[in-house]
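Written below as C-alpha coordinates is the structure these notes are about.
The values are calculated or read from the model by the stated rules, or taken from the named source; none is laboratory data. In this text the structure is predicted, and so the values were computed from the model without any measurement. Virtual Cβ from ideal backbone geometry, glycine too; neighbours counted across all protein chains shown.
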Amino acid sequence: MALIRYLPFAGIVLLFIISLGFWHTNNWWVVSAVIAGALSIVGIVDLLQTRKALRANYPVIVHFRYLFEAIRPQLRQYLFESDEDKVPFSRNQRELVYQRAQKLPETRAFGTQRNVYAEQYEWINHSVAPTTLNDEHFRVVIGGEQCKHPYSASILNISAMSFGSLSPNAIRALNRGAKLGNFYHDTGEGSISRYHQEYDGDLVWELGSGYFGARNADGSFSPERFAQRAKLEQVKMIEIKLSQGAKPGHGGMLPGSKVSAEIAEARGIEIGQDCISPPKHSAFSTPIELLNFVQQLRELSGGKPVGFKLAIGHPWEWFAIAKAMLKTGILPDFIVVDGAEGGTGAAPVEFADHIGTPMREALRLVHNTLVGINVRQQVKIGAAGKIISAYDMARTIALGADWCNSARGFMFALSCVQSLACHTDHCPTGIATQEKSRWKNLDSQNKAVRVFNYHHQTVKALKEVIEAAGLKHPRDLGPEHIIHRTSSVSARSMEVIHHQLTPGSLLDEDNLPDHILFQKFWTHACPDTFEYCLGDA
(Lines give C-alpha, C1' and ligand atoms only; values in the text may rest on other atoms or scores of the structure.)
Protein backbone atom coordinates (compact mmCIF):
# COMPACT_ATOMS: atom_id res chain seq x y z
CA MET A 1 0.00 0.00 0.00
CA ALA A 2 2.84 2.38 0.77
CA LEU A 3 4.07 2.17 -2.84
CA ILE A 4 0.81 3.63 -4.16
CA ARG A 5 2.01 7.07 -3.03
CA TYR A 6 4.88 6.84 -5.50
CA LEU A 7 2.86 5.69 -8.54
CA PRO A 8 2.34 9.21 -9.95
CA PHE A 9 6.09 9.85 -9.78
CA ALA A 10 6.82 6.44 -11.30
CA GLY A 11 4.37 7.21 -14.11
CA ILE A 12 6.12 10.50 -14.82
CA VAL A 13 9.51 8.79 -15.00
CA LEU A 14 8.05 6.11 -17.32
CA LEU A 15 6.56 8.83 -19.54
CA PHE A 16 9.96 10.52 -19.70
CA ILE A 17 11.65 7.28 -20.78
CA ILE A 18 9.00 6.61 -23.45
CA SER A 19 9.18 10.20 -24.68
CA LEU A 20 12.95 9.91 -25.09
CA GLY A 21 12.40 6.86 -27.25
CA PHE A 22 10.05 8.67 -29.62
CA TRP A 23 11.25 12.27 -29.40
CA HIS A 24 12.72 12.22 -32.91
CA THR A 25 9.38 11.20 -34.47
CA ASN A 26 7.18 14.07 -33.37
CA ASN A 27 7.53 17.48 -31.73
CA TRP A 28 4.88 16.53 -29.19
CA TRP A 29 7.18 13.82 -27.87
CA VAL A 30 9.89 16.47 -27.45
CA VAL A 31 7.53 18.60 -25.38
CA SER A 32 6.48 15.53 -23.39
CA ALA A 33 10.13 14.60 -22.75
CA VAL A 34 10.97 18.12 -21.52
CA ILE A 35 7.98 18.33 -19.18
CA ALA A 36 8.30 14.78 -17.86
CA GLY A 37 12.05 15.22 -17.46
CA ALA A 38 11.60 18.41 -15.46
CA LEU A 39 8.99 16.77 -13.22
CA SER A 40 11.26 13.74 -12.77
CA ILE A 41 14.02 16.02 -11.51
CA VAL A 42 11.55 17.65 -9.11
CA GLY A 43 10.55 14.20 -7.86
CA ILE A 44 14.14 13.11 -7.33
CA VAL A 45 14.85 16.28 -5.36
CA ASP A 46 11.70 15.64 -3.29
CA LEU A 47 12.89 12.14 -2.41
CA LEU A 48 16.42 13.24 -1.50
CA GLN A 49 15.55 16.31 0.60
CA THR A 50 14.92 15.85 4.35
CA ARG A 51 13.26 19.10 5.40
CA LYS A 52 9.67 18.23 4.49
CA ALA A 53 8.15 14.79 5.00
CA LEU A 54 5.21 15.59 2.70
CA ARG A 55 7.58 16.04 -0.26
CA ALA A 56 9.39 12.78 0.45
CA ASN A 57 6.14 10.87 0.94
CA TYR A 58 4.33 12.36 -2.06
CA PRO A 59 6.99 13.38 -4.63
CA VAL A 60 5.84 15.76 -7.37
CA ILE A 61 2.12 15.67 -6.59
CA VAL A 62 2.63 17.45 -3.27
CA HIS A 63 3.50 20.59 -5.24
CA PHE A 64 -0.07 20.74 -6.50
CA ARG A 65 -1.10 21.12 -2.85
CA TYR A 66 1.40 23.93 -2.40
CA LEU A 67 0.12 25.62 -5.56
CA PHE A 68 -3.46 25.19 -4.42
CA GLU A 69 -2.67 26.78 -1.06
CA ALA A 70 -0.72 29.59 -2.71
CA ILE A 71 -3.72 30.69 -4.79
CA ARG A 72 -6.22 29.96 -2.05
CA PRO A 73 -6.37 33.54 -0.65
CA GLN A 74 -7.60 34.79 -4.05
CA LEU A 75 -10.20 32.02 -4.36
CA ARG A 76 -11.20 31.82 -0.70
CA GLN A 77 -14.09 34.28 -0.83
CA TYR A 78 -15.71 32.31 -3.65
CA LEU A 79 -14.93 28.66 -2.95
CA PHE A 80 -13.64 28.20 0.61
CA GLU A 81 -14.58 28.81 4.18
CA SER A 82 -13.34 31.87 6.02
CA ASP A 83 -9.78 31.82 7.35
CA GLU A 84 -11.35 32.21 10.79
CA ASP A 85 -13.53 29.09 10.52
CA LYS A 86 -12.22 26.58 13.07
CA VAL A 87 -12.38 22.94 11.94
CA PRO A 88 -11.08 22.43 14.59
CA PHE A 89 -8.31 25.00 14.05
CA SER A 90 -8.59 27.87 11.61
CA ARG A 91 -6.12 28.50 8.84
CA ASN A 92 -4.99 31.66 10.63
CA GLN A 93 -4.21 29.69 13.78
CA ARG A 94 -2.19 27.14 11.84
CA GLU A 95 -0.38 29.81 9.88
CA LEU A 96 0.63 31.56 13.10
CA VAL A 97 2.29 28.39 14.38
CA TYR A 98 3.97 27.69 11.02
CA GLN A 99 5.36 31.23 10.94
CA ARG A 100 6.68 31.08 14.49
CA ALA A 101 8.13 27.61 14.02
CA GLN A 102 10.08 28.79 10.99
CA LYS A 103 10.84 32.25 12.43
CA LEU A 104 9.04 33.93 9.55
CA PRO A 105 7.38 37.35 9.83
CA GLU A 106 4.13 36.95 11.76
CA THR A 107 2.73 40.46 11.48
CA ARG A 108 -0.55 41.14 9.65
CA ALA A 109 -1.44 43.90 7.23
CA PHE A 110 -4.69 45.80 6.82
CA GLY A 111 -6.18 45.09 10.22
CA THR A 112 -8.10 42.30 11.87
CA GLN A 113 -10.25 39.88 9.89
CA ARG A 114 -12.61 39.50 12.83
CA ASN A 115 -15.87 41.36 13.31
CA VAL A 116 -15.13 43.28 16.50
CA TYR A 117 -18.80 44.25 16.83
CA ALA A 118 -20.10 40.69 16.72
CA GLU A 119 -22.39 39.63 19.56
CA GLN A 120 -19.58 37.40 20.85
CA TYR A 121 -16.21 39.15 20.91
CA GLU A 122 -13.38 39.00 23.41
CA TRP A 123 -10.29 41.08 24.10
CA ILE A 124 -7.71 42.00 26.72
CA ASN A 125 -7.57 45.59 27.91
CA HIS A 126 -4.28 47.44 27.52
CA SER A 127 -2.68 50.10 29.70
CA VAL A 128 -1.71 53.67 28.91
CA ALA A 129 1.37 52.93 31.05
CA PRO A 130 2.84 49.75 29.51
CA THR A 131 5.69 48.04 31.29
CA THR A 132 9.08 46.85 30.06
CA LEU A 133 10.14 43.35 31.14
CA ASN A 134 13.73 42.21 30.99
CA ASP A 135 12.99 38.48 31.17
CA GLU A 136 10.66 36.44 28.96
CA HIS A 137 11.53 33.04 30.44
CA PHE A 138 8.58 32.81 32.79
CA ARG A 139 8.90 29.85 35.18
CA VAL A 140 6.48 28.19 37.59
CA VAL A 141 7.78 26.30 40.63
CA ILE A 142 5.66 23.17 41.11
CA GLY A 143 5.83 21.26 44.38
CA GLY A 144 4.25 21.96 47.75
CA GLU A 145 5.39 21.35 51.30
CA GLN A 146 4.91 17.59 50.90
CA CYS A 147 7.30 17.48 47.93
CA LYS A 148 11.08 17.11 48.32
CA HIS A 149 12.13 18.01 44.77
CA PRO A 150 10.09 20.91 43.33
CA TYR A 151 10.32 21.45 39.59
CA SER A 152 10.69 24.79 37.83
CA ALA A 153 8.49 24.49 34.72
CA SER A 154 8.13 26.75 31.73
CA ILE A 155 4.85 28.59 31.40
CA LEU A 156 4.22 26.67 28.12
CA ASN A 157 4.86 22.94 27.69
CA ILE A 158 4.08 19.97 25.45
CA SER A 159 0.83 18.30 26.45
CA ALA A 160 0.33 14.54 26.68
CA MET A 161 0.86 12.61 23.42
CA SER A 162 1.94 8.97 23.56
CA PHE A 163 4.49 7.05 21.58
CA GLY A 164 2.26 4.79 19.55
CA SER A 165 -0.08 7.63 18.74
CA LEU A 166 2.92 9.61 17.53
CA SER A 167 5.78 8.24 15.48
CA PRO A 168 9.35 7.69 16.71
CA ASN A 169 10.66 10.73 14.85
CA ALA A 170 7.84 12.92 16.14
CA ILE A 171 8.70 11.93 19.72
CA ARG A 172 12.39 12.56 19.03
CA ALA A 173 11.67 16.02 17.63
CA LEU A 174 9.39 17.03 20.49
CA ASN A 175 11.81 15.91 23.17
CA ARG A 176 14.83 17.52 21.54
CA GLY A 177 12.83 20.74 21.11
CA ALA A 178 11.92 20.60 24.81
CA LYS A 179 15.58 20.16 25.66
CA LEU A 180 16.61 23.13 23.50
CA GLY A 181 13.93 25.37 25.02
CA ASN A 182 14.05 24.13 28.63
CA PHE A 183 10.39 23.15 28.83
CA TYR A 184 8.78 19.82 29.57
CA HIS A 185 7.43 17.02 27.38
CA ASP A 186 4.47 15.04 28.74
CA THR A 187 4.83 11.37 27.77
CA GLY A 188 1.12 10.65 27.45
CA GLU A 189 -0.18 7.42 28.98
CA GLY A 190 1.93 5.30 26.61
CA SER A 191 4.83 5.63 29.07
CA ILE A 192 8.51 6.41 28.49
CA SER A 193 9.88 5.02 25.24
CA ARG A 194 13.48 4.81 24.08
CA TYR A 195 12.74 7.80 21.83
CA HIS A 196 11.78 9.97 24.80
CA GLN A 197 15.23 9.34 26.27
CA GLU A 198 17.52 10.03 23.31
CA TYR A 199 17.86 13.79 23.94
CA ASP A 200 17.27 13.93 27.70
CA GLY A 201 14.53 16.58 27.53
CA ASP A 202 12.51 17.04 30.74
CA LEU A 203 9.67 14.53 31.03
CA VAL A 204 6.38 14.49 32.89
CA TRP A 205 5.40 10.84 33.15
CA GLU A 206 1.66 10.43 32.69
CA LEU A 207 0.28 7.36 34.44
CA GLY A 208 -3.09 6.30 33.10
CA SER A 209 -5.47 3.50 34.05
CA GLY A 210 -3.37 0.97 32.11
CA TYR A 211 -0.31 1.79 34.27
CA PHE A 212 1.93 1.37 31.23
CA GLY A 213 5.56 1.12 32.21
CA ALA A 214 4.53 0.39 35.81
CA ARG A 215 2.23 -2.62 35.61
CA ASN A 216 2.05 -6.25 36.49
CA ALA A 217 1.15 -8.90 33.94
CA ASP A 218 -2.53 -8.64 34.90
CA GLY A 219 -2.59 -4.88 34.30
CA SER A 220 -2.51 -3.88 37.97
CA PHE A 221 -0.15 -1.22 39.32
CA SER A 222 3.38 -2.34 40.16
CA PRO A 223 5.09 -0.17 42.81
CA GLU A 224 8.47 -1.73 42.05
CA ARG A 225 8.37 -1.06 38.31
CA PHE A 226 7.04 2.44 38.93
CA ALA A 227 9.83 3.32 41.35
CA GLN A 228 12.47 2.09 38.92
CA ARG A 229 11.39 4.49 36.18
CA ALA A 230 10.11 7.35 38.33
CA LYS A 231 13.56 7.87 39.82
CA LEU A 232 15.12 8.54 36.40
CA GLU A 233 16.72 11.99 36.45
CA GLN A 234 14.89 12.90 33.24
CA VAL A 235 11.49 12.38 34.90
CA LYS A 236 10.63 15.63 36.66
CA MET A 237 6.99 15.08 37.66
CA ILE A 238 4.34 12.33 37.79
CA GLU A 239 0.85 12.99 36.42
CA ILE A 240 -2.03 10.59 37.20
CA LYS A 241 -4.50 10.68 34.32
CA LEU A 242 -8.06 10.49 35.65
CA SER A 243 -9.66 11.55 32.37
CA GLN A 244 -8.91 13.52 29.23
CA GLY A 245 -11.00 16.18 27.58
CA ALA A 246 -11.48 14.55 24.19
CA LYS A 247 -13.07 11.37 25.51
CA PRO A 248 -13.62 11.56 29.30
CA GLY A 249 -14.95 8.40 30.90
CA HIS A 250 -13.93 6.30 27.91
CA GLY A 251 -11.21 3.69 27.79
CA GLY A 252 -9.22 2.69 24.77
CA MET A 253 -7.53 -0.19 23.03
CA LEU A 254 -4.54 -0.47 20.73
CA PRO A 255 -5.09 -3.66 18.71
CA GLY A 256 -2.42 -6.33 19.11
CA SER A 257 -1.61 -6.07 15.41
CA LYS A 258 -0.23 -2.57 16.08
CA VAL A 259 1.72 -3.47 19.24
CA SER A 260 5.28 -3.54 17.93
CA ALA A 261 8.36 -4.57 19.87
CA GLU A 262 9.12 -0.92 20.67
CA ILE A 263 5.60 -0.14 21.88
CA ALA A 264 5.59 -3.34 23.96
CA GLU A 265 8.94 -2.37 25.47
CA ALA A 266 7.72 1.10 26.47
CA ARG A 267 4.39 -0.05 27.87
CA GLY A 268 5.49 -3.24 29.55
CA ILE A 269 3.18 -5.54 27.60
CA GLU A 270 3.58 -8.48 25.24
CA ILE A 271 4.27 -7.99 21.53
CA GLY A 272 1.08 -8.50 19.54
CA GLN A 273 -1.12 -8.34 22.64
CA ASP A 274 -4.16 -6.03 22.72
CA CYS A 275 -3.20 -2.97 24.75
CA ILE A 276 -6.19 -1.98 26.87
CA SER A 277 -6.70 1.26 28.80
CA PRO A 278 -9.67 0.70 31.13
CA PRO A 279 -12.18 3.54 31.66
CA LYS A 280 -11.20 3.78 35.35
CA HIS A 281 -8.29 3.03 37.66
CA SER A 282 -7.90 -0.16 39.65
CA ALA A 283 -5.40 1.27 42.17
CA PHE A 284 -8.09 3.42 43.85
CA SER A 285 -11.86 3.79 43.84
CA THR A 286 -12.62 6.68 46.22
CA PRO A 287 -11.38 10.28 46.56
CA ILE A 288 -9.45 9.41 49.72
CA GLU A 289 -7.83 6.41 48.00
CA LEU A 290 -6.85 8.70 45.10
CA LEU A 291 -4.99 11.02 47.47
CA ASN A 292 -3.36 8.08 49.21
CA PHE A 293 -2.19 6.97 45.76
CA VAL A 294 -0.77 10.46 45.16
CA GLN A 295 1.19 10.16 48.39
CA GLN A 296 2.36 6.65 47.51
CA LEU A 297 3.71 7.79 44.13
CA ARG A 298 5.39 10.78 45.76
CA GLU A 299 7.23 8.47 48.14
CA LEU A 300 8.10 5.88 45.47
CA SER A 301 9.52 8.59 43.18
CA GLY A 302 11.79 9.93 45.91
CA GLY A 303 9.73 13.04 46.60
CA LYS A 304 9.07 14.37 43.10
CA PRO A 305 5.95 16.46 42.39
CA VAL A 306 2.87 14.30 41.86
CA GLY A 307 -0.51 15.51 40.63
CA PHE A 308 -3.37 14.49 38.43
CA LYS A 309 -5.05 15.48 35.17
CA LEU A 310 -8.80 15.48 34.77
CA ALA A 311 -11.65 16.74 32.68
CA ILE A 312 -14.42 18.04 34.90
CA GLY A 313 -17.64 16.03 34.77
CA HIS A 314 -20.06 15.74 37.70
CA PRO A 315 -19.19 18.69 39.96
CA TRP A 316 -19.83 16.68 43.15
CA GLU A 317 -17.03 14.27 42.14
CA TRP A 318 -14.55 17.12 41.93
CA PHE A 319 -15.87 18.56 45.20
CA ALA A 320 -15.42 15.10 46.78
CA ILE A 321 -11.73 15.17 45.83
CA ALA A 322 -11.43 18.65 47.35
CA LYS A 323 -13.06 17.45 50.59
CA ALA A 324 -10.71 14.44 50.62
CA MET A 325 -7.80 16.90 50.58
CA LEU A 326 -9.20 18.50 53.72
CA LYS A 327 -9.90 15.18 55.44
CA THR A 328 -6.54 13.50 54.70
CA GLY A 329 -4.28 16.54 54.68
CA ILE A 330 -2.72 15.13 51.47
CA LEU A 331 -2.43 17.68 48.68
CA PRO A 332 -1.46 17.03 45.07
CA ASP A 333 1.40 19.21 43.96
CA PHE A 334 -0.51 20.15 40.82
CA ILE A 335 -3.74 19.62 38.91
CA VAL A 336 -3.96 19.78 35.11
CA VAL A 337 -7.42 20.74 33.84
CA ASP A 338 -8.18 19.28 30.42
CA GLY A 339 -11.06 20.82 28.48
CA ALA A 340 -13.69 19.13 26.35
CA GLU A 341 -12.22 20.94 23.35
CA GLY A 342 -9.04 18.88 23.73
CA GLY A 343 -7.93 16.53 20.97
CA THR A 344 -6.93 12.90 20.65
CA GLY A 345 -5.95 10.51 17.90
CA ALA A 346 -9.35 8.80 17.91
CA ALA A 347 -12.50 9.58 19.90
CA PRO A 348 -16.14 8.53 19.44
CA VAL A 349 -18.06 11.41 17.89
CA GLU A 350 -20.50 11.67 20.80
CA PHE A 351 -17.63 11.95 23.28
CA ALA A 352 -15.71 14.51 21.22
CA ASP A 353 -18.78 16.69 20.65
CA HIS A 354 -20.97 16.38 23.72
CA ILE A 355 -19.24 14.96 26.80
CA GLY A 356 -17.12 16.87 29.30
CA THR A 357 -16.87 20.45 30.51
CA PRO A 358 -15.07 23.00 28.30
CA MET A 359 -11.74 24.14 29.69
CA ARG A 360 -12.67 27.70 30.66
CA GLU A 361 -15.59 26.71 32.89
CA ALA A 362 -13.70 23.72 34.28
CA LEU A 363 -10.58 25.73 35.06
CA ARG A 364 -12.49 28.44 36.87
CA LEU A 365 -14.34 25.84 38.95
CA VAL A 366 -11.10 24.11 39.98
CA HIS A 367 -9.38 27.41 40.78
CA ASN A 368 -12.32 28.72 42.83
CA THR A 369 -12.67 25.46 44.74
CA LEU A 370 -9.01 25.43 45.75
CA VAL A 371 -9.33 29.06 46.81
CA GLY A 372 -12.48 28.21 48.75
CA ILE A 373 -10.77 25.46 50.77
CA ASN A 374 -7.74 27.70 51.29
CA VAL A 375 -5.10 25.54 49.53
CA ARG A 376 -4.70 27.41 46.22
CA GLN A 377 -1.21 28.68 47.07
CA GLN A 378 0.02 25.12 47.68
CA VAL A 379 -1.51 23.46 44.61
CA LYS A 380 -0.47 24.67 41.16
CA ILE A 381 -2.84 24.45 38.18
CA GLY A 382 -2.00 23.69 34.57
CA ALA A 383 -4.52 23.83 31.74
CA ALA A 384 -4.91 22.45 28.23
CA GLY A 385 -7.51 22.91 25.50
CA LYS A 386 -6.88 24.50 22.08
CA ILE A 387 -4.09 26.76 23.35
CA ILE A 388 -2.17 28.09 20.36
CA SER A 389 -1.32 31.77 20.76
CA ALA A 390 -0.05 34.09 23.45
CA TYR A 391 -3.57 35.46 23.83
CA ASP A 392 -4.88 31.94 24.46
CA MET A 393 -2.27 31.67 27.21
CA ALA A 394 -3.11 35.07 28.71
CA ARG A 395 -6.82 34.26 28.87
CA THR A 396 -6.16 30.84 30.41
CA ILE A 397 -3.86 32.29 33.07
CA ALA A 398 -6.42 35.00 33.82
CA LEU A 399 -8.94 32.21 34.47
CA GLY A 400 -6.69 30.77 37.16
CA ALA A 401 -4.00 28.62 35.53
CA ASP A 402 -0.35 28.86 36.53
CA TRP A 403 0.88 27.41 33.24
CA CYS A 404 -0.41 26.09 29.91
CA ASN A 405 0.05 22.89 27.92
CA SER A 406 -0.46 22.49 24.18
CA ALA A 407 -0.55 19.32 22.09
CA ARG A 408 -1.87 20.29 18.69
CA GLY A 409 0.09 23.55 18.71
CA PHE A 410 3.32 21.59 18.88
CA MET A 411 1.98 19.16 16.26
CA PHE A 412 1.56 22.13 13.92
CA ALA A 413 5.13 23.10 14.77
CA LEU A 414 6.13 19.64 13.53
CA SER A 415 4.34 20.53 10.24
CA CYS A 416 0.97 18.86 10.89
CA VAL A 417 -1.43 19.93 8.11
CA GLN A 418 -4.65 19.00 9.97
CA SER A 419 -5.52 16.24 7.53
CA LEU A 420 -7.66 14.65 10.30
CA ALA A 421 -6.13 11.24 9.53
CA CYS A 422 -4.57 10.58 12.95
CA HIS A 423 -6.72 7.48 13.53
CA THR A 424 -5.92 5.87 10.16
CA ASP A 425 -2.16 5.34 10.58
CA HIS A 426 -1.78 7.14 7.25
CA CYS A 427 -0.69 10.57 8.50
CA PRO A 428 0.75 12.30 5.39
CA THR A 429 3.44 14.14 7.35
CA GLY A 430 4.73 11.14 9.32
CA ILE A 431 3.71 12.57 12.70
CA ALA A 432 0.77 10.42 13.83
CA THR A 433 1.68 7.08 12.27
CA GLN A 434 3.74 3.98 12.90
CA GLU A 435 4.23 3.34 9.17
CA LYS A 436 7.97 3.65 8.75
CA SER A 437 7.83 4.62 5.09
CA ARG A 438 6.01 7.75 6.25
CA TRP A 439 7.72 8.73 9.51
CA LYS A 440 11.28 8.10 8.32
CA ASN A 441 10.94 11.20 6.15
CA LEU A 442 10.17 13.39 9.16
CA ASP A 443 13.52 15.04 9.92
CA SER A 444 13.59 15.07 13.73
CA GLN A 445 16.58 17.42 13.88
CA ASN A 446 14.93 20.07 11.72
CA LYS A 447 11.54 19.68 13.39
CA ALA A 448 13.08 19.95 16.86
CA VAL A 449 14.28 23.43 15.96
CA ARG A 450 10.79 24.30 14.78
CA VAL A 451 9.37 23.07 18.11
CA PHE A 452 11.89 25.24 19.96
CA ASN A 453 11.13 28.27 17.76
CA TYR A 454 7.37 27.98 18.24
CA HIS A 455 7.75 27.80 22.01
CA HIS A 456 10.25 30.66 22.16
CA GLN A 457 8.29 33.00 19.87
CA THR A 458 4.97 32.32 21.62
CA VAL A 459 6.36 32.96 25.10
CA LYS A 460 8.04 36.08 23.73
CA ALA A 461 4.66 37.21 22.37
CA LEU A 462 3.12 36.57 25.80
CA LYS A 463 5.73 38.88 27.28
CA GLU A 464 4.64 41.61 24.86
CA VAL A 465 0.98 41.08 25.79
CA ILE A 466 1.83 41.35 29.49
CA GLU A 467 3.78 44.56 28.83
CA ALA A 468 0.90 46.05 26.84
CA ALA A 469 -1.46 45.31 29.74
CA GLY A 470 0.86 47.22 32.10
CA LEU A 471 1.71 44.14 34.18
CA LYS A 472 4.98 42.70 35.45
CA HIS A 473 4.32 38.95 35.20
CA PRO A 474 1.67 36.63 33.73
CA ARG A 475 0.58 35.74 37.28
CA ASP A 476 -0.68 39.33 37.61
CA LEU A 477 -3.40 38.59 35.07
CA GLY A 478 -6.91 38.33 36.50
CA PRO A 479 -10.48 38.15 35.23
CA GLU A 480 -10.68 41.93 35.25
CA HIS A 481 -8.25 42.05 32.33
CA ILE A 482 -10.31 39.89 29.95
CA ILE A 483 -13.47 41.40 28.48
CA HIS A 484 -16.15 39.38 26.72
CA ARG A 485 -19.12 40.91 24.93
CA THR A 486 -22.19 38.78 25.57
CA SER A 487 -24.61 40.78 23.40
CA SER A 488 -24.42 43.40 20.71
CA VAL A 489 -24.89 46.20 23.23
CA SER A 490 -22.99 45.08 26.33
CA ALA A 491 -19.45 44.14 27.27
CA ARG A 492 -18.22 42.93 30.61
CA SER A 493 -15.79 40.55 32.26
CA MET A 494 -16.31 37.00 31.03
CA GLU A 495 -19.46 35.50 32.50
CA VAL A 496 -17.69 32.23 33.20
CA ILE A 497 -15.32 34.01 35.56
CA HIS A 498 -17.77 36.50 37.00
CA HIS A 499 -17.92 34.68 40.34
CA GLN A 500 -14.73 34.75 42.38
CA LEU A 501 -14.47 32.98 45.72
CA THR A 502 -12.54 34.32 48.67
CA PRO A 503 -9.99 32.17 50.54
CA GLY A 504 -11.65 29.72 52.92
CA SER A 505 -15.21 30.54 51.79
CA LEU A 506 -16.10 26.85 51.33
CA LEU A 507 -15.05 25.85 54.83
CA ASP A 508 -18.28 27.15 56.38
CA GLU A 509 -21.04 25.02 54.85
CA ASP A 510 -23.73 27.10 56.51
CA ASN A 511 -22.63 30.17 54.59
CA LEU A 512 -21.63 28.98 51.11
CA PRO A 513 -20.86 31.35 48.22
CA ASP A 514 -23.80 32.50 46.13
CA HIS A 515 -23.06 30.32 43.11
CA ILE A 516 -25.38 27.61 41.83
CA LEU A 517 -22.71 24.89 41.62
CA PHE A 518 -21.53 25.39 45.19
CA GLN A 519 -25.01 25.96 46.55
CA LYS A 520 -26.41 22.84 44.90
CA PHE A 521 -23.56 20.32 44.94
CA TRP A 522 -20.95 21.16 47.60
CA THR A 523 -22.95 19.73 50.50
CA HIS A 524 -23.69 16.58 48.50
CA ALA A 525 -20.04 15.70 47.93
CA CYS A 526 -18.38 13.13 50.22
CA PRO A 527 -14.65 12.44 50.56
CA ASP A 528 -15.32 8.70 50.92
CA THR A 529 -17.07 8.20 47.59
CA PHE A 530 -17.41 9.65 44.10
CA GLU A 531 -21.17 9.11 44.29
CA TYR A 532 -23.72 11.84 44.87
CA CYS A 533 -24.52 11.91 48.60
CA LEU A 534 -28.21 12.33 49.36
CA GLY A 535 -27.57 13.78 52.78
CA ASP A 536 -25.11 16.47 53.82
CA ALA A 537 -21.46 15.40 53.63
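Among the candidates PRO255, PRO279, PRO248, PRO223, single out the residue that is farther than 29 Å from VAL349 by Cα and assigned by TED's automatic domain parsing to the domain that holds GLN146.
Just a single option satisfies the conditions, and that option is PRO223.
With (1) aliphatic (A, V, I, L, M); (2) closer than 21 Å to GLY430 by Cα; (3) at pLDDT 90 or above as the list, and LEU54 as the residue in question, which single condition is left unmet?
It is condition (3) that LEU54 fails.
Go through (1) modelled with pLDDT of 95 or more; (2) touching a Phe, Trp or Tyr at 6+ places or on another chain (Cβ under 7 Å); (3) over 20 Å from ALA461 (Cβ atoms); (4) buried (at least 24 other Cβ atoms within 10 Å of the Cβ) for LEU156 and report which single condition fails.
Every listed condition holds for LEU156 apart from (3).
Take ILE269 and tell me if it is surrounded by fewer than 24 Cβ atoms within 10 Å (Cβ to Cβ) and in contact with a Cys (Cβ under 7 Å, 6 or more places away or on another chain).
Yes, satisfied.
For the stretch 333-356, state whether one or more residues are part of a helix (DSSP H, G or I), surrounded by 22 or more Cβ atoms within 10 Å (Cβ to Cβ) and in contact with a strand residue (DSSP E or B) (Cβ under 7 Å, 6 or more places away or on another chain).
no
Consider ALA230 carefully, then state whether it is surrounded by 15 or more Cβ atoms within 10 Å (Cβ to Cβ) and at pLDDT below 90.
No: the conditions fail for ALA230.
Given the criteria under 22 Å from MET237 (Cα atoms), loosely packed, with under 15 Cβ neighbours inside 10 Å and out of contact with any Cys (no Cβ under 6 Å at 6 or more places or on another chain), does ARG139 qualify?
Criteria met by ARG139.
Report every pair of residues separated by at least 6 positions or lying on different chains whose Cβ atoms are under 6 Å apart, first residue within the stretch 292-305 and acidic (Asp, Glu), second surrounded by fewer than 19 Cβ atoms within 10 Å (Cβ to Cβ).
none
Is it fair to say ALA362 is in the same structural domain as ARG225 (by TED's automatic domain parsing), buried (at least 20 other Cβ atoms within 10 Å of the Cβ) and more than 26 Å from the chain's Cα centre (by Cα)?
no
Listed here are the residues, each with its yes/no results for (1) over 30 Å from GLY11 (Cβ atoms); (2) assigned to a loop (DSSP other than H, G, I, E, B); (3) modelled with pLDDT under 90.
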| site | (1), (2), (3) |
| --- | --- |
| SER82 | yes, yes, yes |
| TYR98 | yes, no, no |
| PHE110 | yes, yes, yes |
| ASN115 | yes, yes, yes |
| TRP123 | yes, no, no |
| HIS126 | yes, yes, no |
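Which is farther than 23 Å from ARG229 by Cβ, in a helix (DSSP H, G or I) and modelled with pLDDT of 80 or more, of GLU289, GLU317?
GLU317
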